[in-house]
Every structure is written in C-alpha cells, then in structure tokens.
1. If we keep just the residues of the stretch 222-237 that are in contact with a Ser or Thr (Cβ under 8 Å, 6 or more places away or on another chain) and farther than 11 Å from Gly284 by Cα, which is most open to solvent (accessible area, probe 1.4 Å)?
2. What pairs come up if the first residue lies in the stretch 36-56 and is free of Cβ contacts under 8 Å to residues at least 40 places away in the same chain, the second is open to solvent by 100 Å² or more (accessible area, probe 1.4 Å) and part of a loop (DSSP other than H, G, I, E, B), and their beta carbons are under 8 Å apart, counting only those six or more places apart or on different chains?
3. Just checking, does the stretch 51-67 include any residue being over 13 Å from Leu172 (Cβ atoms) and assigned to a strand (DSSP E or B)?
4. Would you be able to tell me the number of residues in the stretch 168-202 that are in a loop (DSSP other than H, G, I, E, B), closer than 16 Å to Val276 by Cα and open to solvent by less than 20 Å² (accessible area, probe 1.4 Å)?
5. Filter the stretch 112-152 for residues that are within 14 Å of the ligand (Cβ to nearest atom), over 18 Å from Arg295 (Cβ atoms) and not in a loop (DSSP other than H, G, I, E, B) and give the result.
6. Is there a residue in the stretch 233-240 that is of a type outside the set (A, V, I, L, M) and farther than 27 Å from Trp204 by Cα?
7. Can you name the number of the only condition in (1) in a strand (DSSP E or B); (2) polar (S, T, N, Q); (3) surrounded by fewer than 21 Cβ atoms within 10 Å (Cβ to Cβ) that Ser162 fails?
8. Can you tell me how many residues in the stretch 263-291 are more than 9 Å from the ligand (Cβ to nearest atom), touching a residue at least 60 places away in the same chain (Cβ under 8 Å) and hydrophobic (A, V, I, L, M, F, W, C)?
Amino acid sequence: MSPPAAIFEIPVASNDMGIKKDLAVKAAFNVQAKTVAELENKWEKFTFAPIRESQVSRAMTRRYFNDLDTYAESDIVIVGAGSCGLSAAYTLATKRPDLKIAIVEAGVAPGGGAWLGGQLFSAMVMRKPAELFLHEIGVPYEDEGDFVVVKHAALFTSTLLSKVLQFPNVKLFNATAVEDLITRPAPTSSDPNAVRIAGVVTNWTLVSMHHDDQSCMDPNTINAPLVISTTGHDGPFGAFSVKRLVSMQQIEKLGGMRGLDMRTAEDAIVKRTREVVPGLIVGGMELSEVDGANRMGPTFGAMALSGVKAAEEAVGVWDERNAQNKDA
Ligand code: 48N
C-alpha cells in the first residue's frame, strides 16, 4: 500500500487569541506532493502549514533543557570539536553505543581548524594510512601515493560532523566553553595533592569571554568520569585543559609546541595520545603543548588518527575504571 500522500489541506488556523476557528474559506489550494519537484510551479498557491511562535520556542527550549538534564551526568565529555575531537567522538560512539558522550565546543561552528587546508587553501592533505579513516566515514579523495588529498577540507569536516551528530548517544553543546575542570582528590604516594578529573565546568562562550567586564556569571557543570581534551594548540581558547592542569599544579609545566616538522610531528601526536592525568585523555594539537612536540602544519592525518587513538584509550580506561569513577 503506497504511503499516504502528503496532503496539505490548510488546517484550522489558530488566531492570535489562540482561538481555533474554521477558515472562512479554505484555500482552493491543496497540494498532493511526494517530492520537492512536485511542488514546483505551484508557488503562487503554496503556503506552509500554520505555526505559532511559542511552538518554535518550546520546540527548541524543551529539547535543549532536556539535553542539559540528560547529559548533566555524561559517561565521557569531549572538549573541542575540531578534527581530533570529532574523530574521537565518531570512533567512540561507534565502538560504544552504550556510552553517553557530550561534546563541548566553544565555537558556534564546530570543526576547529579543519574547514580549510593550509593558508586558507581548500584542499586537505592526509598522509597514509589516515586514508583508512576517510574510507570509514565515506570521504572521497585523490590518491597521490604516500598521501591523499580531499578536494575540500570542508568535505571531510562536514561529513564527519554530520555522522557524529546522527549518533543517538552523542550531544554537541556548541557555543559553549569549558572554563574549568571538575576534580576529585586522588592522592598518590608521590603527590598528596593529586586529583583525578571528574567532569567539566561550562559557560556560554560569550559569557566566558566577558568575565573581565561583567562579574558573577557563574558556570554550569557536566559530571563525567572521563574527559577527552582536544582543544588545539595554544591560542585564545586553545590548549585549555593542559594549561589548567599546570595552574592547578597537576603537571609541572608545558613542553610548548615546537617548530614545524611534518614527519616527526604526526607520528608523535598519534603515538603519544594518552591519559595525561587520571580521568583526562589529551589528543590532537593540544598534546603538542604538553609534550613539546613539533607541529605538522597543513596535514591532518594525525588529527584523525589521534582521535581514533583517544577513543581507544577512553574505552580502555572506561572499562578498567568504570565502577571506581562512578562514585564521583
Ligand atoms: O582544530 P583544533 O584547533 O584542534 P585539533 O587538535 O582538533 O586539530 C588541530 C589542527 O586543526 C591543526 O592545528 C593543524 C593540523 N595544524 C597544525 C599546525 O602545525 O599548525 O580544534 C580545537 C577546538 C576548536 O574548535 C576550539 O573552538 C575548541 O577546540 N576549544 C574549546 N571548546 C570548548 N572549551 C574550550 N575551553 C575550548 N578551547 C578550544
């Protein structure tokens, strides 16, 4: 039996007093359309179904505040939705559909530095074997032997973002900054002041940017026994978590990102993606700030595979410490 035709019989409109009344005259217009193409050439009679502004407001706010409630206790938080963070989110959500994953991204537009290649050029280079990740998410590329080229970086980032946003166990909170880390005492024999990370402290990014000129704008929180931080190399928001670890004396100092050396940088970032302090895994270019690793410049394979490794690390830590971290 064919699906019911999409019949747009202009329904009863609700007027501003909210009183429903029959339309005095129903428009003679009645679209039976199954495809966009069938709407064509009927625009003079076309009309959208009726709406009331409050319906839009409630549709947005109900969902957003339900998400805030749901993800107030997350299993894993990813800070930074750049190429590394999104690759980690994709890999983690694929491996562990049972885990609740919150992504907190300061920018309105996720994607970090991966919307363009180098110097605002469009093409994105990834050295092999990172093309395996492109296969995984279905991004076409040109094969140049030892490396591949995606014709536009935005094709990679938009495809990856689209896939991440479709996972039922992932929620992206963009335009939202992590402005601190939640900690719990975790003294060790060598450091009685050691802590483990147990979540993130958040605020609207625009609020975070105005703490110096507007007082008392307290933050919100997300509890999670495990955080993956991929906030990029040092910059206005970059390297956030590792700089915070220094200021709370959990690591002594930052190594500071070193000069550009593609061949050294990419292997180092992928291989050393790891849990830097209990409960905090660092990947992508934020890691270069911890380890004093070289930068790689306009090649993105290490970001994708560092994200894959961060997800693998997270699953390992989660399985090992789940019960311990859940008493946060
Ligand atoms: O793209 P980035 O900056 O970081 P990665 O590590 O995902 O990718 C790095 C890559 O783009 C390069 O830098 C390339 C390979 N070049 C290397 C080189 O040598 O120059 O994404 C980080 C994301 C951004 O979207 C930020 O907005 C976000 O993290 N972010 C935050 N989000 C929430 N709270 C914060 N405190 C925060 N800080 C940064």
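1. Among residues in the stretch 222-237 that are in contact with a Ser or Thr (Cβ under 8 Å, 6 or more places away or on another chain) and farther than 11 Å from Gly284 by Cα, the one most open to solvent (accessible area, probe 1.4 Å) is Phe237.
2. Cβ pairs passing all conditions: Lys45/Ala28.
3. No - not one qualifying residue is present in the stretch 51-67.
4. Total satisfying the criteria: 1.
5. Residues satisfying the conditions are Phe133, Val150.
6. Taking the stretch 233-240 and keeping what is of a type outside the set (A, V, I, L, M), we get 233-238, 240.
Right, trim to farther than 27 Å from Trp204 by Cα and you get none.
No; the residues of the stretch 233-240 include none that is of a type outside the set (A, V, I, L, M) and farther than 27 Å from Trp204 by Cα.
7. (1)
8. 2
The values are calculated or read from the model by the stated rules, or taken from the named source; none is laboratory data. The shown structure was predicted, so the numbers you read here are calculated from the model rather than taken from an experiment. Positions of Cβ are generated from backbone atoms using ideal geometry, with glycine treated the same way; all protein chains shown enter the neighbour counts. Side chains included, ligands, DNA and RNA excluded: accessible areas come from the protein's heavy atoms. Shrake-Rupley method; radii C 1.70, N 1.55, O 1.52, S 1.80 Å.
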